[in-house]
Amino acid sequence: MRAQQAGDRMQTLEAEIEQLLAHPLFDRAVQRLAGSFMAVQAAAPRLASQFSTQQRWLMSHAALSRYFRGLKIGRPGLSRREFVEEALAHGLASRNTATSFFGEALQYGLVQPTRTHAGLVEPAPSTLWALTEWYAGHLAALDALDDGARASRLRTSGDALLKGIEPATADALLSSAVIRVPSPGYAVFASVDEGGSLMDRLITGVDIAAARGEERALTDVTSVSALARPFNLSRTHAGRTLAAAVAIGSIGWSGVRGRSPIWLSRGFRDEYARFQATKLAIISAAFAQATAISPPEFQDESAAVGAVREIAGSPAC
């Protein structure tokens, strides 16, 4: 019976993803979402850079999920050991890599020691701000499709909604094959430092109206240097990332390299759209579960987490 329920929820998620992808305004909502990522990067570049690879992003979600769960039982922080345990339990990184990332997070102020419990850390205010903005961007994209008010509700709730949304979202992200193993074109960018920012910039540079139905959609980006500059990246690093994407046919130059607009293939744009649709479907479900429980207590959070985890389609890794 439980397996049947999990299968039904997986089908529900897949149906929602397909419904999002088919929405006539979805491409514009996704471009707006990419713009929101860039706005956070511009406002807090050092903070954003710490989450700039798929591996670090997922480790951060695993840690934040455990932190918010700890708050529910009166544990106001996370230890280094617990952080590493989460990374290992989900197969996200080696012990050394996870330990190194924890040290960087402390060094650069992403987390800070708690005032009351030695050896425990908590998200810095800037990290909670960035997390709120990340969710607000996704919720605003959903609102643009159905005239909802999710983003404004999040902003007026303080941390209450985050406590309900983040554990459920993290579990579902960590259980999703689409998220854990992104398709090749997306993975080229997601696997390198600031690759996600480069990808988002390319997506925001597309003329949506002109791109519909085109195999190759032109962007407003021509120069590798100009693409790299806002993210304080070297031309070499950005050029190497773009070269990898060119090699598999995801992007290319419409004329002379460096002097003509870069195009994005339909396949690459579809990969980006499906990745975003999967996140949006997961966050939509987590938001619906969290808001169905009376804030700020969220007494039945465990039920919400379990439901969204099953919606993702597989048990947690």
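Scanning the range 118-160 for residues that are in a loop (DSSP other than H, G, I, E, B) and loosely packed, with under 14 Cβ neighbours inside 10 Å turns up Ala118, Gly119, Asp147, Ala149, Gly158. Of the helices (runs of 4 or more DSSP H) entirely within the range 6-114, those holding at least 3 residues that are modelled with pLDDT of 95 or more occupy 26-43, 54-72, 80-89, 95-107. Being in contact (Cβ under 8 Å) with a residue 24 or more places away in the chain and touching an Asp or Glu at 6+ places or on another chain (Cβ under 9 Å) is a description that applies to Leu131. Out of the range 254-298, which residues are at pLDDT 95 or above and charged (D, E, K, R)? Matches in the range 254-298: Arg266, Arg269, Asp270, Glu271, Arg274, Lys279.
The values are calculated or read from the model by the stated rules, or taken from the named source; none is laboratory data. None of these values were measured; they are calculated from a predicted model. Neighbour counts run over all protein chains shown; Cβ positions are idealised from the backbone, glycine included.
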